Amino acid sequence: MVDLRGKGALVTGAGVRVGRALALALGAHGASVVVHYRRSQGPAEEVVAAIRAGGGQAVAIAADLAAPDAPARLVAEGAAALGGLDILVNSASLFQRGEVLETTVADWDRHLDVNLRAPFFLAQAFARQLGDRQNAHIINITDWRARRPGKAYMAYIASKAGLEGLTRALAVALGPQVRVNAIAPGAILPPPGDDGSYFRRLAGRIPARRTGSPEEIVRAMLYLLDSEFVTGETITVDGGEHLV
């Protein structure tokens, strides 16, 4: 059982999908949690209520991570609300289709702003507010496609590949005070609008012969938070999908 009592955590995109599961798990293991959201205020407040109902501390803070000043403001407000942050989970992500000949400058900028620029400046602000506190963690949520890219999501894949490289660079720059790792999920949740048929077909192509669940990303996060000697790594949680 990972004991996170006394730790302050910020999870971006924490109102919905995988970010929601990560925030709830951090609260369940004793951390005080900043639940970041952009538009999902209702779901974010549900996460806060659930953590508080379990005896924990949580606060919801809105921010559009595409705005250049949003990362520093979010970290400052979160640190002030919780008395400091020890854990940063960069889960918020923009995921839109776009092949080579279709991708526009606006598409490119939106993905890089949210998926790469924001995590860097969140990490920068996070490191600045640490002071003398040790044993801090940054966990970036990337994607297995960053290593086995296709052709349909060019800007998205570029941003996630950049985030994986940034993970390694931050591990060197911020160690030993901060351990920086990434989790690369595979088929964890159906994409918005899918009725489940896509996931059922996909399961047959994955070596594990099934799709995953947010709980498997939670377990990977808890492993990284409990580890004292892992940094600069990306854990792929995809049932072996990247192998085929």
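Taken together, the values in this text are just the output of simple stated rules run on the coordinates, not laboratory data. Please read these numbers as outputs of a predicted model, since none were measured by experiment. Cβ sites come from the backbone with ideal geometry, for glycine too, and all protein chains shown count toward neighbours.
Against the longest principal axis of the chain, how steep is helix 17-28, in degrees 0 to 90 to the nearest 10, with axes from Cα atoms? The two axes meet at around 30 degrees. Against the chain, whose longest principal axis is taken from its Cα atoms, helix 118-130 shows a tilt of about 20°. Sorting PHE229, PHE120 from the fewest to the most surrounding beta carbons within 10 angstrom yields PHE229, PHE120.
Once every Cα of the range 49-138 carries one equal point scatterer and solvent is ignored, give the base-10 log of I(q)/I(0) from the Debye formula at q = 0.10, 0.17, 0.20, 0.24 Å⁻¹, two decimals. Debye output, listed in q order: -0.33, -0.79, -0.98, -1.21. Between ARG201 and TRP108, what is the FRET efficiency for a Förster distance of 25 Å, r being their Cβ-Cβ separation, to the nearest 0.05? Efficiency, rounded to the nearest 0.05: 0.25.
For an R0 of 22 angstrom, estimate the FRET efficiency from the Cβ-Cβ distance between GLN134 and ARG219 and round to the nearest 0.05. Walk me through the numbers on the way to the answer.
Details: r = 25 Å, r/R0 = 1.12.
After rounding to 0.05, the efficiency reads 0.35.
Panel order for ASP86, ASP226, by other beta carbons found within 10 Å of each beta carbon, from fewest to most: ASP226, ASP86.
Here the alpha carbons of the range 180-244 define both size measures, Rg and Dmax, at 13.3, 41 Å.
With both bridge residues required to lie in the chain, what share of the DSSP beta bridges run antiparallel, to the nearest 5%?
Details: 0 of 27 bridges.
That works out to approximately 0 percent antiparallel.
Dividing the summed -39500 (n - 2.57) terms of all DSSP H runs of n ≥ 4 by the residue count of the chain sets its mean residue ellipticity at 222 nm at -13000 deg cm²/dmol. Taking θ as phi - 60° and the Karplus parameters 6.51, -1.76 and 1.60, the scalar couplings of the range 206-212 work out to 8, x, 6, 6, 6, 8, x Hz in sequence order, x denoting glycine and proline. Calculate how steeply helix 154-174 sits against the longest principal axis of the alpha-carbon atoms of the chain, using the helix alpha-carbon long axis, and give the answer as 0 to 90 degrees to the nearest 10. Result, in degrees: 40. Taking the convex hull of the alpha carbon positions in the chain and averaging its projected area over all directions gives 12.8 nm².
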